[in-house]
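The values are calculated or read from the model by the stated rules, or taken from the named source; none is laboratory data. Only a predicted model underlies this, so the values are computations on that prediction, with no experimental measurement involved. No Cβ is skipped: glycine too gets one built from the backbone with ideal geometry, and neighbour counts run over all protein chains shown.
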Amino acid sequence: MAESETTVAKARRRGLNRISGVRNVLVALRRVWLVRAWRMDLHPTVQMSLSAKLDLTFPIGVHVGAHSYLAFESRVLTHDRTRGLYLHTRIGRNCFIGGRAMILPGVEIGDGCIVGAGSVVAKSVPPGCIVAGNPARILRERVQVGSYGRLADADARESALALAGLT
């Protein structure tokens, strides 16, 4: 191994991660179903938990960009029956929407954003931000992320933990 190469260790696959291939097929089939049957605008690289919920009342209002991830039980809403609203809700490229987060109708989340778990996003979020809370507030700006909203130093951190035997 050359001196310039570094060892990158990955966390061991445990639990349901051992059958991630099956999960990936199910997610791909669900994404195709949502795009073709419900006419949602989901990029082919979008990943989502099987428990993520996308609004079926106004499905053409759901837009999710390339390499974004919707975690478990997250919600993307496009309608509000009490106010009679049917609005387009957009999630940019390279975003991560945390578990049980709720994106309200008409909200636009910029490219490279991370939405914390359990957050309720009621206002649009500029690109490159981390938001969390109810209502969601900007915690950090000008954040650099890779695909699926993964922070730039995440691989190094995971590798260090794996090499230390902590994963």
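So here's what we get for this one:
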item: Among (1) of a type in the set (A, V, I, L, M, F, W, C); (2) touching a Phe, Trp or Tyr at 6+ places or on another chain (Cβ under 6 Å); (3) within 24 Å of Gly21 (Cβ to Cβ), the one test that Ala154 misses; result: (2)
item: Single unsatisfied condition, Leu50 versus (1) in contact with a Leu (Cβ under 7 Å, 6 or more places away or on another chain); (2) under 25 Å from Arg137 (Cα atoms); (3) surrounded by fewer than 20 Cβ atoms within 10 Å (Cβ to Cβ); (4) of a type in the set (A, V, I, L, M, F, W, C); result: (2)
item: Out of Ala117, Ala156, Ala152, Ala162, sole residue that is farther than 18 Å from Glu73 by Cα, touching a Lys or Arg at 6+ places or on another chain (Cβ under 8 Å), surrounded by fewer than 20 Cβ atoms within 10 Å (Cβ to Cβ) and among the hydrophobic types (A, V, I, L, M, F, W, C); result: Ala162
item: Of the criteria (1) closer than 23 Å to Arg137 by Cα; (2) in contact with a strand residue (DSSP E or B) (Cβ under 8 Å, 6 or more places away or on another chain); (3) of a type in the set (Asp, Glu), which one Asp41 fails; result: (1)
item: Odd one out for Thr89 among (1) more than 16 Å from Phe58 (Cα to Cα); (2) buried (at least 23 other Cβ atoms within 10 Å of the Cβ); result: (1)
item: Test: residue in the range 102-112 that is touching a residue at least 40 places away in the same chain (Cβ under 8 Å) and in contact with a helix residue (DSSP H, G or I) (Cβ under 8 Å, 6 or more places away or on another chain); result: yes
item: Hits in the range 1-38 (condition: surrounded by 11 or more Cβ atoms within 10 Å (Cβ to Cβ), assigned to a loop (DSSP other than H, G, I, E, B) and at pLDDT 90 or above); result: Trp38
item: Subset of the range 39-60 that is among the β-branched types (Val, Ile, Thr) and assigned to a loop (DSSP other than H, G, I, E, B) - its residue that is farthest from Pro105 (Cα to Cα); result: Thr45
item: Subset of the range 61-87 [under 15 Å from the mean Cα position of the chain (by Cα) and either hydroxyl-bearing (Ser, Thr, Tyr) or outside any loop (DSSP other than H, G, I, E, B) (or both)]; result: Val62, His63, Val64, Ser68, Tyr69, Leu70, Ser74, Arg75, Val76
item: Complete set of residues in the range 143-167 that are part of a loop (DSSP other than H, G, I, E, B) and closer than 17 Å to His67 by Cα; result: Val143, Gln144, Gly146, Arg150, Ala152
